[in-house]
Amino acid sequence: MTRHEVVVTGIGLVTALGEGPDAHWNALSAGTTPVVDEATYAPWPVHPLPALNLDAQIPKKGDQRQMEPWQRLGTYAAGLAIDDANARGLVEDMHLIVAAGGGERDIALDEQVNTELADRNDGDRLNELLATGLRPTLFLAQLSNLLAGNISIVHGVTGSSRTFMGEESAAADAVRIAHARLAEGRGGIALVGGAMTAQRWDLLLLYRGGDGLYQGAFKPLAERQGMVLGSAAGFLVLETAEHAAARGARVLARLDAVASDTTRRAAPGDSAAAARALLPRVAPEGVDAVISGNSGSPAASADEEAFLRELNLPVRRPASLIGHGVEGAFPAHVALAALALSRGGFYAPMDPADTGEAASPNRLLVTGFGQWRGEALATLSRPPAAKAEAT
(Lines give C-alpha, C1' and ligand atoms only; values in the text may rest on other atoms or scores of the structure.)
Protein backbone atom coordinates (compact mmCIF):
# COMPACT_ATOMS: atom_id res chain seq x y z
CA MET A 1 0.00 0.00 0.00
CA THR A 2 1.29 3.45 -0.93
CA ARG A 3 1.73 5.66 2.12
CA HIS A 4 1.03 9.35 1.75
CA GLU A 5 2.67 12.13 3.71
CA VAL A 6 0.18 14.05 5.84
CA VAL A 7 0.61 17.77 6.34
CA VAL A 8 -1.04 20.46 8.45
CA THR A 9 -2.41 23.32 6.36
CA GLY A 10 -4.76 25.03 8.82
CA ILE A 11 -4.96 25.76 12.54
CA GLY A 12 -8.03 26.79 14.52
CA LEU A 13 -6.96 27.53 18.07
CA VAL A 14 -8.82 29.20 20.94
CA THR A 15 -7.58 29.33 24.54
CA ALA A 16 -7.54 31.80 27.40
CA LEU A 17 -4.62 33.51 25.63
CA GLY A 18 -6.75 34.45 22.61
CA GLU A 19 -7.69 33.05 19.23
CA GLY A 20 -5.72 32.14 16.16
CA PRO A 21 -2.06 31.41 15.39
CA ASP A 22 -0.73 34.96 15.71
CA ALA A 23 -2.15 35.54 19.18
CA HIS A 24 -0.66 32.30 20.47
CA TRP A 25 2.69 32.67 18.76
CA ASN A 26 3.14 36.23 19.99
CA ALA A 27 2.22 35.30 23.56
CA LEU A 28 4.05 32.01 23.88
CA SER A 29 7.24 32.72 21.96
CA ALA A 30 7.95 35.88 23.94
CA GLY A 31 6.72 34.56 27.29
CA THR A 32 3.46 35.50 28.94
CA THR A 33 1.47 35.18 32.13
CA PRO A 34 -1.58 32.93 32.55
CA VAL A 35 -5.11 34.28 32.30
CA VAL A 36 -6.94 32.85 35.31
CA ASP A 37 -10.35 33.35 36.92
CA GLU A 38 -9.96 32.50 40.61
CA ALA A 39 -13.26 33.96 41.81
CA THR A 40 -16.21 32.78 39.71
CA TYR A 41 -15.82 29.06 40.43
CA ALA A 42 -13.97 29.25 43.73
CA PRO A 43 -12.33 27.28 45.22
CA TRP A 44 -11.34 26.07 41.75
CA PRO A 45 -9.43 28.41 39.42
CA VAL A 46 -10.13 28.11 35.68
CA HIS A 47 -8.58 29.54 32.54
CA PRO A 48 -11.56 31.30 30.86
CA LEU A 49 -12.41 31.86 27.23
CA PRO A 50 -11.53 35.20 25.65
CA ALA A 51 -14.31 37.31 24.22
CA LEU A 52 -15.26 35.87 20.83
CA ASN A 53 -17.12 37.49 17.97
CA LEU A 54 -19.27 34.44 17.27
CA ASP A 55 -20.88 36.14 14.28
CA ALA A 56 -17.59 35.87 12.41
CA GLN A 57 -17.83 32.06 12.24
CA ILE A 58 -21.46 31.33 13.18
CA PRO A 59 -23.38 34.10 11.39
CA LYS A 60 -26.93 32.93 12.16
CA LYS A 61 -28.16 33.86 15.62
CA GLY A 62 -30.52 30.90 15.56
CA ASP A 63 -27.58 28.53 15.12
CA GLN A 64 -25.79 30.18 18.03
CA ARG A 65 -28.83 29.92 20.30
CA GLN A 66 -29.44 26.22 19.74
CA MET A 67 -25.84 25.27 20.59
CA GLU A 68 -24.40 24.78 24.04
CA PRO A 69 -21.25 26.83 24.80
CA TRP A 70 -18.84 23.98 24.07
CA GLN A 71 -20.51 23.41 20.70
CA ARG A 72 -20.25 27.10 19.83
CA LEU A 73 -16.57 27.04 20.80
CA GLY A 74 -15.82 23.97 18.69
CA THR A 75 -17.77 25.24 15.70
CA TYR A 76 -16.00 28.59 15.95
CA ALA A 77 -12.52 27.00 16.11
CA ALA A 78 -13.35 24.68 13.22
CA GLY A 79 -14.17 27.71 11.11
CA LEU A 80 -10.88 29.33 12.07
CA ALA A 81 -9.02 26.23 10.87
CA ILE A 82 -10.87 26.15 7.54
CA ASP A 83 -10.11 29.83 6.95
CA ASP A 84 -6.47 29.42 7.98
CA ALA A 85 -6.13 26.66 5.38
CA ASN A 86 -7.95 28.75 2.75
CA ALA A 87 -10.16 25.72 2.28
CA ARG A 88 -13.70 27.12 2.15
CA GLY A 89 -14.05 25.79 -1.37
CA LEU A 90 -13.15 22.26 -0.31
CA VAL A 91 -15.62 21.64 2.52
CA GLU A 92 -17.83 19.33 0.46
CA ASP A 93 -14.97 16.82 0.21
CA MET A 94 -13.58 17.39 3.71
CA HIS A 95 -13.76 14.51 6.17
CA LEU A 96 -14.67 15.47 9.73
CA ILE A 97 -13.42 13.78 12.90
CA VAL A 98 -14.36 15.28 16.25
CA ALA A 99 -13.54 14.55 19.88
CA ALA A 100 -16.45 15.56 22.09
CA GLY A 101 -17.53 15.43 25.69
CA GLY A 102 -21.01 15.11 27.10
CA GLY A 103 -23.55 17.89 26.98
CA GLU A 104 -24.00 20.40 29.74
CA ARG A 105 -26.35 19.63 32.60
CA ASP A 106 -29.35 21.63 33.79
CA ILE A 107 -27.71 22.93 36.97
CA ALA A 108 -30.89 24.50 38.37
CA LEU A 109 -32.77 21.19 38.08
CA ASP A 110 -29.84 19.28 39.58
CA GLU A 111 -29.89 21.58 42.59
CA GLN A 112 -33.65 21.22 42.99
CA VAL A 113 -33.44 17.41 42.89
CA ASN A 114 -30.55 17.32 45.34
CA THR A 115 -32.30 19.72 47.71
CA GLU A 116 -35.65 17.95 47.74
CA LEU A 117 -34.24 14.42 47.93
CA ALA A 118 -31.26 15.07 50.18
CA ASP A 119 -32.89 13.41 53.20
CA ARG A 120 -35.21 10.89 51.58
CA ASN A 121 -35.18 8.26 48.87
CA ASP A 122 -38.41 9.01 47.01
CA GLY A 123 -38.48 7.46 43.56
CA ASP A 124 -41.93 8.80 42.74
CA ARG A 125 -40.89 12.38 43.53
CA LEU A 126 -37.70 11.96 41.47
CA ASN A 127 -39.72 10.77 38.47
CA GLU A 128 -42.08 13.72 38.89
CA LEU A 129 -39.21 16.21 39.02
CA LEU A 130 -37.61 14.75 35.91
CA ALA A 131 -40.88 14.53 33.99
CA THR A 132 -41.83 18.15 34.68
CA GLY A 133 -38.38 19.74 34.91
CA LEU A 134 -36.38 18.36 32.00
CA ARG A 135 -36.55 20.35 28.79
CA PRO A 136 -38.01 18.32 25.91
CA THR A 137 -34.76 18.85 23.99
CA LEU A 138 -32.40 18.20 26.88
CA PHE A 139 -31.38 14.73 25.78
CA LEU A 140 -30.87 15.84 22.20
CA ALA A 141 -28.82 18.81 23.39
CA GLN A 142 -26.48 16.39 25.10
CA LEU A 143 -25.76 14.20 22.08
CA SER A 144 -22.02 14.46 21.56
CA ASN A 145 -22.19 14.18 17.80
CA LEU A 146 -24.10 17.47 17.63
CA LEU A 147 -20.74 19.26 17.55
CA ALA A 148 -19.93 17.52 14.30
CA GLY A 149 -23.47 18.16 13.12
CA ASN A 150 -23.21 21.87 13.82
CA ILE A 151 -19.85 22.09 12.05
CA SER A 152 -21.46 20.43 9.04
CA ILE A 153 -24.46 22.75 9.10
CA VAL A 154 -22.59 26.00 9.71
CA HIS A 155 -19.48 25.41 7.61
CA GLY A 156 -20.83 22.98 5.01
CA VAL A 157 -18.38 20.17 5.81
CA THR A 158 -20.11 17.20 4.22
CA GLY A 159 -17.51 14.46 3.87
CA SER A 160 -17.64 11.46 6.18
CA SER A 161 -18.17 12.31 9.85
CA ARG A 162 -16.97 10.57 13.01
CA THR A 163 -17.29 11.53 16.67
CA PHE A 164 -15.18 10.06 19.46
CA MET A 165 -16.05 10.21 23.15
CA GLY A 166 -13.69 9.40 25.98
CA GLU A 167 -11.94 12.54 27.17
CA GLU A 168 -8.24 12.88 26.27
CA SER A 169 -8.10 9.46 24.61
CA ALA A 170 -10.91 10.44 22.26
CA ALA A 171 -8.95 13.48 21.11
CA ALA A 172 -5.77 11.47 20.55
CA ASP A 173 -7.65 8.81 18.59
CA ALA A 174 -9.42 11.45 16.49
CA VAL A 175 -6.07 12.84 15.37
CA ARG A 176 -4.60 9.35 14.96
CA ILE A 177 -7.44 8.11 12.77
CA ALA A 178 -7.54 11.28 10.68
CA HIS A 179 -3.81 10.84 10.04
CA ALA A 180 -4.20 7.12 9.27
CA ARG A 181 -7.03 7.61 6.79
CA LEU A 182 -5.15 10.24 4.83
CA ALA A 183 -1.87 8.31 4.96
CA GLU A 184 -3.65 5.27 3.53
CA GLY A 185 -5.14 7.33 0.70
CA ARG A 186 -8.74 7.23 1.97
CA GLY A 187 -9.29 10.91 1.33
CA GLY A 188 -7.28 13.99 0.55
CA ILE A 189 -8.35 16.47 3.22
CA ALA A 190 -9.79 16.26 6.73
CA LEU A 191 -10.84 18.53 9.59
CA VAL A 192 -10.08 17.14 13.05
CA GLY A 193 -10.24 18.55 16.56
CA GLY A 194 -12.02 18.93 19.86
CA ALA A 195 -13.29 21.53 22.30
CA MET A 196 -14.09 21.88 25.99
CA THR A 197 -15.40 24.74 28.09
CA ALA A 198 -14.05 24.82 31.64
CA GLN A 199 -16.55 27.40 32.84
CA ARG A 200 -19.12 24.83 33.94
CA TRP A 201 -20.10 23.98 37.50
CA ASP A 202 -21.19 20.49 36.50
CA LEU A 203 -17.83 19.72 34.89
CA LEU A 204 -15.88 21.07 37.84
CA LEU A 205 -17.94 18.98 40.25
CA LEU A 206 -17.37 15.92 38.05
CA TYR A 207 -13.59 16.30 37.97
CA ARG A 208 -13.49 17.20 41.65
CA GLY A 209 -14.10 13.52 42.36
CA GLY A 210 -10.94 11.69 43.31
CA ASP A 211 -9.18 14.95 44.13
CA GLY A 212 -8.64 15.53 40.41
CA LEU A 213 -8.80 19.33 40.61
CA TYR A 214 -6.43 21.74 42.25
CA GLN A 215 -8.14 24.25 44.50
CA GLY A 216 -6.92 27.52 45.97
CA ALA A 217 -4.85 30.41 44.66
CA PHE A 218 -3.47 29.59 41.22
CA LYS A 219 -0.07 27.91 40.96
CA PRO A 220 1.78 26.58 37.91
CA LEU A 221 1.99 22.86 37.20
CA ALA A 222 5.34 22.38 38.90
CA GLU A 223 4.00 23.77 42.16
CA ARG A 224 0.63 22.07 42.50
CA GLN A 225 -1.14 18.71 42.69
CA GLY A 226 -4.27 18.63 40.57
CA MET A 227 -5.69 19.97 37.34
CA VAL A 228 -6.69 23.52 36.54
CA LEU A 229 -9.16 23.23 33.69
CA GLY A 230 -8.96 25.60 30.75
CA SER A 231 -11.50 26.37 28.06
CA ALA A 232 -9.81 25.34 24.83
CA ALA A 233 -10.50 24.29 21.27
CA GLY A 234 -8.01 22.97 18.77
CA PHE A 235 -8.85 22.09 15.18
CA LEU A 236 -6.53 21.12 12.34
CA VAL A 237 -6.95 20.90 8.60
CA LEU A 238 -4.90 17.90 7.49
CA GLU A 239 -4.16 17.01 3.88
CA THR A 240 -2.08 14.57 1.95
CA ALA A 241 1.04 16.28 0.63
CA GLU A 242 -0.18 15.67 -2.92
CA HIS A 243 -3.55 17.24 -2.25
CA ALA A 244 -1.96 20.29 -0.66
CA ALA A 245 0.56 20.68 -3.48
CA ALA A 246 -2.11 20.36 -6.18
CA ARG A 247 -3.97 23.38 -4.80
CA GLY A 248 -0.85 25.34 -3.89
CA ALA A 249 -1.65 25.26 -0.18
CA ARG A 250 0.70 26.66 2.42
CA VAL A 251 2.11 23.79 4.50
CA LEU A 252 2.66 24.56 8.17
CA ALA A 253 4.16 21.25 9.26
CA ARG A 254 4.24 17.57 8.45
CA LEU A 255 2.33 15.27 10.81
CA ASP A 256 4.67 12.30 10.75
CA ALA A 257 3.03 9.86 13.13
CA VAL A 258 0.41 9.48 15.86
CA ALA A 259 0.14 6.54 18.25
CA SER A 260 -2.02 5.84 21.29
CA ASP A 261 -2.42 3.15 23.90
CA THR A 262 -4.40 2.46 27.07
CA THR A 263 -3.01 0.80 30.17
CA ARG A 264 -4.77 -0.30 33.33
CA ARG A 265 -2.52 1.96 35.41
CA ALA A 266 -2.46 -0.71 38.06
CA ALA A 267 0.88 0.51 39.38
CA PRO A 268 3.03 3.64 39.17
CA GLY A 269 5.08 3.60 36.01
CA ASP A 270 2.55 1.81 33.79
CA SER A 271 1.83 4.91 31.70
CA ALA A 272 5.51 5.75 31.35
CA ALA A 273 6.14 2.20 30.14
CA ALA A 274 3.32 2.51 27.59
CA ALA A 275 4.73 5.79 26.26
CA ARG A 276 8.21 4.29 26.15
CA ALA A 277 6.87 1.48 23.95
CA LEU A 278 5.10 3.95 21.65
CA LEU A 279 8.13 6.19 21.15
CA PRO A 280 9.97 4.08 18.50
CA ARG A 281 6.77 3.97 16.46
CA VAL A 282 6.45 7.73 16.21
CA ALA A 283 10.03 8.99 16.51
CA PRO A 284 12.52 6.42 15.15
CA GLU A 285 14.83 9.27 14.14
CA GLY A 286 14.52 11.17 17.42
CA VAL A 287 13.10 14.62 18.14
CA ASP A 288 14.50 18.02 19.10
CA ALA A 289 11.99 19.12 21.76
CA VAL A 290 8.69 18.25 23.42
CA ILE A 291 5.32 19.88 23.91
CA SER A 292 3.94 18.08 26.93
CA GLY A 293 0.29 17.35 27.51
CA ASN A 294 0.84 17.22 31.29
CA SER A 295 -2.61 17.84 32.74
CA GLY A 296 -1.72 18.26 36.40
CA SER A 297 -3.64 15.11 37.39
CA PRO A 298 -1.32 13.66 40.06
CA ALA A 299 -0.83 10.03 38.96
CA ALA A 300 -0.77 10.72 35.23
CA SER A 301 1.55 13.70 35.68
CA ALA A 302 4.03 11.70 37.75
CA ASP A 303 4.31 9.07 35.02
CA GLU A 304 4.54 11.64 32.26
CA GLU A 305 7.29 13.51 34.08
CA ALA A 306 9.22 10.25 34.54
CA PHE A 307 8.97 9.62 30.80
CA LEU A 308 10.07 13.17 29.97
CA ARG A 309 13.14 12.93 32.23
CA GLU A 310 14.29 9.91 30.23
CA LEU A 311 14.15 11.93 27.01
CA ASN A 312 16.40 14.71 28.37
CA LEU A 313 15.07 17.23 25.87
CA PRO A 314 13.72 20.81 26.02
CA VAL A 315 10.11 20.61 27.24
CA ARG A 316 7.24 23.08 27.28
CA ARG A 317 4.11 22.48 29.35
CA PRO A 318 1.19 24.55 27.96
CA ALA A 319 -1.26 23.57 30.71
CA SER A 320 0.59 25.93 33.05
CA LEU A 321 -0.64 28.84 30.92
CA ILE A 322 -3.84 27.67 29.25
CA GLY A 323 -5.03 24.94 31.62
CA HIS A 324 -6.07 21.42 30.75
CA GLY A 325 -8.59 21.28 27.92
CA VAL A 326 -9.50 17.55 28.12
CA GLU A 327 -10.99 16.80 24.64
CA GLY A 328 -9.47 20.01 23.30
CA ALA A 329 -6.02 19.45 24.79
CA PHE A 330 -4.29 17.03 22.41
CA PRO A 331 -5.34 18.73 19.14
CA ALA A 332 -4.50 22.12 20.67
CA HIS A 333 -1.01 20.90 21.57
CA VAL A 334 -0.53 19.42 18.11
CA ALA A 335 -1.59 22.80 16.72
CA LEU A 336 1.00 24.54 18.92
CA ALA A 337 3.67 22.18 17.62
CA ALA A 338 2.70 22.87 14.00
CA LEU A 339 2.67 26.59 14.73
CA ALA A 340 6.19 26.56 16.17
CA LEU A 341 7.52 24.56 13.22
CA SER A 342 5.85 26.89 10.74
CA ARG A 343 7.43 29.94 12.40
CA GLY A 344 10.89 28.36 12.57
CA GLY A 345 11.20 28.81 16.33
CA PHE A 346 10.09 27.56 19.70
CA TYR A 347 8.33 28.80 22.80
CA ALA A 348 9.62 30.51 25.90
CA PRO A 349 9.37 28.48 29.12
CA MET A 350 5.76 28.14 30.25
CA ASP A 351 6.27 26.47 33.63
CA PRO A 352 9.03 26.52 36.28
CA ALA A 353 9.84 22.93 35.30
CA ASP A 354 10.39 23.83 31.63
CA THR A 355 14.02 23.37 30.71
CA GLY A 356 16.27 23.65 27.69
CA GLU A 357 16.30 25.80 24.60
CA ALA A 358 15.35 24.81 21.07
CA ALA A 359 15.91 27.85 18.89
CA SER A 360 14.80 26.27 15.63
CA PRO A 361 13.60 22.68 16.05
CA ASN A 362 13.02 20.48 13.02
CA ARG A 363 10.99 17.79 14.77
CA LEU A 364 8.73 18.00 17.81
CA LEU A 365 7.11 15.38 20.01
CA VAL A 366 3.65 15.98 21.50
CA THR A 367 2.65 13.92 24.53
CA GLY A 368 -0.80 13.34 25.94
CA PHE A 369 -1.43 11.31 29.09
CA GLY A 370 -5.13 11.19 29.87
CA GLN A 371 -6.07 12.12 33.42
CA TRP A 372 -8.00 8.85 33.65
CA ARG A 373 -6.51 6.36 31.18
CA GLY A 374 -4.80 6.68 27.84
CA GLU A 375 -1.38 7.64 26.53
CA ALA A 376 -0.63 9.22 23.18
CA LEU A 377 2.35 10.54 21.26
CA ALA A 378 2.59 12.47 17.99
CA THR A 379 5.55 13.74 16.02
CA LEU A 380 5.58 16.69 13.66
CA SER A 381 8.40 18.00 11.52
CA ARG A 382 9.19 21.01 9.41
CA PRO A 383 8.41 20.38 5.75
CA PRO A 384 11.47 20.26 3.45
CA ALA A 385 10.73 23.68 1.93
CA ALA A 386 10.73 25.29 5.37
CA LYS A 387 14.02 23.59 6.25
CA ALA A 388 15.60 24.88 3.05
CA GLU A 389 14.43 28.43 3.77
CA ALA A 390 15.88 28.24 7.29
CA THR A 391 19.31 27.26 5.99
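The values are calculated or read from the model by the stated rules, or taken from the named source; none is laboratory data. What you see is a predicted model, and the numbers here were worked out from it, not measured in a lab. Cβ atoms come from the backbone with ideal geometry, glycine included; neighbour counts cover every protein chain shown. The protein model used for the area step is the full one, side chains on, heavy atoms only, and it has no ligands, DNA or RNA in it. Shrake-Rupley method; radii C 1.70, N 1.55, O 1.52, S 1.80 Å.
Computed quantities for the displayed model
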{"read-out": "Meets criteria (on the phi < 0 side of the Ramachandran plot, open to solvent by less than 10 Å² (accessible area, probe 1.4 Å) and part of a strand (DSSP E or B)) for residue 364", "value": "yes"}
{"read-out": "Residue 236 being more than 12 Å from residue 44 (Cβ to Cβ) and at pLDDT 95 or above", "value": "yes"}
{"read-out": "Unmet requirement for residue 49, which otherwise passes all of (1) hydrophobic (A, V, I, L, M, F, W, C); (2) surrounded by fewer than 16 Cβ atoms within 10 Å (Cβ to Cβ); (3) over 20 Å from residue 84 (Cα atoms)", "value": "(2)"}
{"read-out": "Looking only at segment 248-265, and only at residues there that are in a loop (DSSP other than H, G, I, E, B) and either open to solvent by less than 20 Å² (accessible area, probe 1.4 Å) or in contact with a strand residue (DSSP E or B) (Cβ under 8 Å, 6 or more places away or on another chain) (or both), the one that is nearest to residue 363 (Cα to Cα)", "value": "252"}
{"read-out": "Extreme residue, farthest from residue 6 (Cα to Cα), among residues of segment 220-242 that are open to solvent by 50 Å² or more (accessible area, probe 1.4 Å) and not in a loop (DSSP other than H, G, I, E, B)", "value": "223"}
{"read-out": "Candidates 314, 318, 349, 331 - the one that is surrounded by 24 or more Cβ atoms within 10 Å (Cβ to Cβ) and farther than 16 Å from residue 228 by Cβ", "value": "331"}
{"read-out": "Any hit, segment 254-277, residues being under 28 Å from residue 23 (Cβ atoms), more than 18 Å from the chain's Cα centre (by Cα), modelled with pLDDT of 95 or more and not hydroxyl-bearing (Ser, Thr, Tyr)", "value": "yes"}
{"read-out": "Evaluation of residue 285 against (1) part of a loop (DSSP other than H, G, I, E, B); (2) surrounded by 24 or more Cβ atoms within 10 Å (Cβ to Cβ); (3) of a type in the set (Asp, Glu) (one fails), failing number", "value": "(2)"}
{"read-out": "Any hit, segment 166-189, residues being at pLDDT below 85, under 25 Å from the mean Cα position of the chain (by Cα) and surrounded by 17 or more Cβ atoms within 10 Å (Cβ to Cβ)", "value": "no"}
{"read-out": "Residue within segment 63-70 that is free of Cβ contacts under 8 Å to residues at least 40 places away in the same chain and of a type in the set (Lys, Arg) present", "value": "yes"}
{"read-out": "Sole residue being in a helix (DSSP H, G or I), open to solvent by less than 10 Å² (accessible area, probe 1.4 Å), farther than 20 Å from residue 379 by Cβ and of a type in the set (Gly, Ala, Ser), chosen from 337, 272, 245, 300", "value": "300"}
{"read-out": "Candidate set from segment 89-108 (those that are part of a helix (DSSP H, G or I) and in contact (Cβ under 8 Å) with a residue 12 or more places away in the chain); member that is least open to solvent (accessible area, probe 1.4 Å)", "value": "91"}
{"read-out": "When residues of segment 367-391 are limited to those that are in a loop (DSSP other than H, G, I, E, B) and not aromatic (Phe, Trp, Tyr), the one modelled with the highest pLDDT", "value": "382"}
{"read-out": "Only one of 325, 293 that is in contact with a His (Cβ under 7 Å, 6 or more places away or on another chain), open to solvent by less than 10 Å² (accessible area, probe 1.4 Å) and either free of Cβ contacts under 8 Å to residues at least 24 places away in the same chain or not hydroxyl-bearing (Ser, Thr, Tyr) (or both)", "value": "293"}
{"read-out": "Count of residues meeting criterion [out of contact with any Leu (no Cβ under 8 Å at 6 or more places or on another chain) and at pLDDT 80 or above] in segment 131-148", "value": "4"}
{"read-out": "Some residue of segment 24-43 being farther than 29 Å from residue 346 by Cα, touching a helix residue (DSSP H, G or I) at 6+ places or on another chain (Cβ under 9 Å) and buried (at least 23 other Cβ atoms within 10 Å of the Cβ)", "value": "no"}
{"read-out": "Search result, residues across segment 200-233 that are of a type in the set (Ser, Thr, Tyr) and modelled with pLDDT of 95 or more", "value": "214, 231"}
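One line per residue, one yes/no per condition, for (1) in contact (Cβ under 8 Å) with a residue 24 or more places away in the chain; (2) more than 22 Å from residue 15 (Cα to Cα); (3) outside any strand (DSSP E or B); (4) open to solvent by 30 Å² or more (accessible area, probe 1.4 Å):
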site: 126; (1), (2), (3), (4): no, yes, yes, yes
site: 194; (1), (2), (3), (4): yes, no, no, no
site: 198; (1), (2), (3), (4): yes, no, yes, no
site: 209; (1), (2), (3), (4): no, yes, yes, yes
site: 218; (1), (2), (3), (4): yes, no, yes, yes
